[in-house]
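What follows is one structure encoded as structure tokens, with my remarks underneath.
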Amino acid sequence: MERVIEMKKILIIDDEQEMLTSLNKLLSRNQEYDIRLIGDYHTAVSTVAKESFNLIITDLKMKEYSGIDILKAALENFPESKIIMISGYGTIETSVDAMRNGAFDFLEKPFTSIKLFDSVERALLNGYSGEDSKGGELSAEIPGLLYKSGKMKGVIGYVKKIAPGNMNVLITGESGTGKELIARAIHTLSRRNKNPFVPVNCGALPEHLFESELFGHERGAFTGAVKTKPGLLEFANQGTFFFDEIGDMSLSLQIKLLRMLEERKIRRIGASNEIEIDVRIIAATNKNLEKEVAEKRFREDLYYRLNTIRIDVPPLRERKDDVILLAKHFLADLCSREDKPVPIFSREAEAALQNYYWPGNVREVQNLIGRAYFLSSNGIVERNDLPIPASFEESEADSSILNPPYKEAKEKTLEKFEIEYLTYHLKKNKGNISRTADVCGLDRRSIHRLINKYNIIYQDEELSS
């Protein structure tokens, strides 16, 4: 039986005939490619606006016109198209601009045929979608990411576009929003996915230990260094390194990280020679790094190095469509591990979940559903099984909060909520920080940060009795 070939439509755009001919000659060797050539800007814009292509390869500069406009016109009408930009004027700024506007890859002239083939093959293999039967999206290529809301679809769409490149990425968002999952998704969808993904929490270790873990050390470099130990950055070579909570990194370590980013070399503690490394850096933070820079707690030059591509992960309260989906997913997962039938949520329980503010975001959903499961009976999770204080379900907002400008109103609302929420749980847990953190779905550091932020006075009653 004759095999039916599924042709891939490829459009090549360049105002230099020689480049069009060369690209066509190289790519037409593959009989599965249906190639069309266009040599002028206006025809290109008109064509991509009305016709879909699997892949578009376009020059960045064509006389007085920009290939970015072609990219925008194509993606506005056919967002599933993959676009490779090529240019003889390659700079970090132009490549970043292209990637931010949705380009799949950026090739700087001159480039080899091998590099071209690699980019084209990755682009044509990159498109996928995974929609589950419950109305949400759970992709096999991105383990753990479950979403339904338009905001998260936008985030994941952006992740798919920027993942295949090598640009540094900064992921921002509140605690518990899933920043590490996003980082792992970028690695999974990148050309580095056969190599290590190495995560490290910048606030988890004392500075002297963190430096040794990061860069490694030579035998005898310090007391206790009985043998040479490669650092985590060496282990991540050819892969992806994830700095979680980068805002907690000390200024002295920031200087060394900046040097590594600039020179792509590291030096173990106690060593005289440098080691070349090739890693993609992804950093995440729940802090406002612009504010940290302004207050001299974070280096401005390092901030700009890390902030090449930025992804803002929205808090759960801004993507309420995901709440019930996540709650049902966590409940089903728990029941599967316990080998028990999956209960259903009552209408009142679903309403409470939907209306809650979720300060701990997705992590808090998981913790809360775990407790609700063990409190439920008769195969139904009722409103009373959910440890959500009724006072924290949304009600009509105070006019004093609605009247100010948006940013001021948002800050007032958040401040009022955080104070009331934390005071309630500290009192309920008799001032025990560990228990309060567990119930709230936050870590101890976040609880202490909020206590200090609002000067909340509390007392651990168990310690004082």
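What to note about this one:
- Residue under evaluation LEU146, criteria (1) among the aliphatic types (A, V, I, L, M); (2) modelled with pLDDT of 90 or more; (3) surrounded by 21 or more Cβ atoms within 10 Å (Cβ to Cβ), criterion not met: (2)
- Looking only at segment 207-230, and only at residues there that are small (Gly, Ala, Ser) and modelled with pLDDT under 85, the one that is nearest to LEU261 (Cα to Cα): SER212
- Of the set (1) touching a strand residue (DSSP E or B) at 6+ places or on another chain (Cβ under 6 Å); (2) open to solvent by 20 Å² or more (accessible area, probe 1.4 Å); (3) part of a helix (DSSP H, G or I), all apply to ARG310 but (3).
- Looking across segment 270-284, just one residue is among the charged types (D, E, K, R), closer than 14 Å to PHE215 by Cα and not in a loop (DSSP other than H, G, I, E, B), and that is GLU276.
- Criterion applied to ARG29, ARG36 was being surrounded by fewer than 16 Cβ atoms within 10 Å (Cβ to Cβ), over 34 Å from the mean Cα position of the chain (by Cα) and without any contact (Cβ under 8 Å) to a residue 24 or more places away in the chain, and the one residue passing it is ARG29.
- Of all residues in segment 179-192, those being open to solvent by 10 Å² or more (accessible area, probe 1.4 Å) and closer than 18 Å to TYR147 by Cβ number 6.
- Per-region count, segment 186-214, residues without any contact (Cβ under 8 Å) to a residue 60 or more places away in the chain and over 28 Å from ARG444 (Cα atoms): 5
- Looking only at segment 3-26, residues that are in a loop (DSSP other than H, G, I, E, B) and either touching a Phe, Trp or Tyr at 6+ places or on another chain (Cβ under 8 Å) or in contact (Cβ under 8 Å) with a residue 12 or more places away in the chain (or both) come to 6 in all.
- Here GLY176 clears all of (1) in contact with a Pro (Cβ under 9 Å, 6 or more places away or on another chain); (2) in a helix (DSSP H, G or I); (3) open to solvent by less than 30 Å² (accessible area, probe 1.4 Å) except the condition numbered (2).
- Scanning segment 333-374 for residues being of a type outside the set (A, V, I, L, M, F, W, C), in a helix (DSSP H, G or I) and under 23 Å from the mean Cα position of the chain (by Cα) gives a total of 5.
- Qualifying residue in segment 284-300 (condition: open to solvent by less than 70 Å² (accessible area, probe 1.4 Å), of a type outside the set (Val, Ile, Thr) and over 20 Å from SER446 (Cα atoms)): no
The values are calculated or read from the model by the stated rules, or taken from the named source; none is laboratory data. Given the structure is predicted, the values throughout are model-derived calculations rather than measurements. In this analysis, Cβ positions are derived from the backbone assuming ideal geometry, glycine residues included, and neighbour counts consider all displayed protein chains. These accessible areas exclude ligands, DNA and RNA; they are computed on the full protein's heavy atoms, side chains included. Shrake-Rupley method; radii C 1.70, N 1.55, O 1.52, S 1.80 Å.
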